[in-house]
Amino acid sequence: MSFNNTVTIMGIPFLNTTRNDFLRDYLVPRLDEEQKCFVVTANPEIVMKARENDTYRQIIRTADYIVPDGVGILKAAKFQKQPLQERVTGYDLTLDLLSYANDHGLNCYFLGAKDEINAKAVSEVQRSYPHIQIAGHHHGYIDMEDETFAESIQNSEPDIIFVALGSPKQEQWIMKHKEKFSKGIFIGIGGVFDVLAGKVPRAPKAWINLNLEWLYRLLKQPSRWKRILKAVEFMFRVYVKKD
Ligand code: UDP
């Protein structure tokens, strides 16, 4: 990752860009030149995980681009007096990449989520983006070490590999297997297939604009409360402990 245009928060260098510029100036050139590219969309929970686990931090830092997914990251940057321009979320990037892939007939692979969710998400993608080539798709309950499985994905020559295993698994899988590939945008997108499949609702725009997407997700999935605590700890470290 080039450090020219980044803001470092707790040791994680975030690219300072906008959603539109990121696609146009960073991802499209990689796609055009068939270069490999590893994208991490990091929220406060991921930053905390990286803080607590050296191996995970090293993996994250091998990414070509780390973009701020979460209002907490923007608040931390502002507090450091190095504001980041805007949130660039895994969900929005997925939509942008799907739309670009549709316009250019690109080949996409969809790895992650439960079997029926994965299938439903892919059929929704096929319906809404009929010109995308589906390189293949597979649920995310896989043997992380399985080289043959990763090679079978590589053989389908995808331009974009959406990896929705949640963190840290998705970044670990990308790190372990991307060397086998000669091209491809690899992006970890967490629970996005659950949203595409309609299993988990995306927060309404008004909640997002009020920076309350995290609260909406907590209300819909109360089992997420532990993650919210991690985000609270992140904010505490930013504002109070200043480490
Ligand atoms: N998942 C998976 N394999 C696993 C563990 C999780 O495919 O071994 C999927 C899970 O079904 C869900 C996504 O990964 O679709 C994780 O969603 P979560 O909301 O936890 O993502 P995050 O909050 O990390 O974005």
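The values are calculated or read from the model by the stated rules, or taken from the named source; none is laboratory data. All of these numbers come straight from a predicted model, not from anything done at the bench. Note that each Cβ is placed from the backbone with ideal geometry, even for glycine, and that neighbours are counted across all protein chains shown.
Summary of values
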| read-out | value |
| --- | --- |
| Answer residue from the stretch 112-126, given it is within 11 Å of the ligand (Cβ to nearest atom), over 17 Å from residue 153 (Cβ atoms) and of a type outside the set (Val, Ile, Thr) and is farthest from the chain's Cα centre (by Cα) among those | 116 |
| Test: residue in the stretch 196-204 that is in a helix (DSSP H, G or I), under 27 Å from residue 65 (Cβ atoms) and β-branched (Val, Ile, Thr) | no |
| Among (1) crowded, with 16+ Cβ neighbours inside 10 Å; (2) within 11 Å of the ligand (Cβ to nearest atom) - the single one residue 166 does not satisfy | (1) |
| Filter result for residue 43 (more than 28 Å from residue 182 (Cβ to Cβ) and crowded, with 23+ Cβ neighbours inside 10 Å) | yes |
| Selected residue (criterion: nearest to residue 215 (Cα to Cα)) from residues of the stretch 67-117 that are in a strand (DSSP E or B) and among the aromatic types (Phe, Trp, Tyr) | 110 |
| Helices (runs of 4 or more DSSP H) wholly inside the stretch 19-65 containing at least 3 residues that are modelled with pLDDT of 95 or more and within 18 Å of residue 158 (Cβ to Cβ) | 28-32 |
| When residues of the stretch 127-152 are limited to those that are in a helix (DSSP H, G or I) and within 16 Å of the ligand (Cβ to nearest atom), the one surrounded by the fewest Cβ atoms within 10 Å (Cβ to Cβ) | 149 |
| Near pairs, Cβ below 6 angstrom, 6+ apart or cross-chain, from the stretch 151-170 (in contact (Cβ under 8 Å) with a residue 60 or more places away in the chain) to any residue that is aromatic (Phe, Trp, Tyr) and surrounded by fewer than 22 Cβ atoms within 10 Å (Cβ to Cβ) | 168/56 |
| In the stretch 36-62, the residues that are more than 15 Å from the ligand (Cβ to nearest atom), in contact with a strand residue (DSSP E or B) (Cβ under 9 Å, 6 or more places away or on another chain) and of a type outside the set (D, E, K, R) | 37, 38, 62 |
| Filtered residue count, the stretch 205-218, keeping only those that are part of a helix (DSSP H, G or I) and surrounded by 12 or more Cβ atoms within 10 Å (Cβ to Cβ) | 8 |
| Boolean, residue 117 is more than 26 Å from residue 42 (Cα to Cα) and buried (at least 21 other Cβ atoms within 10 Å of the Cβ) | no |
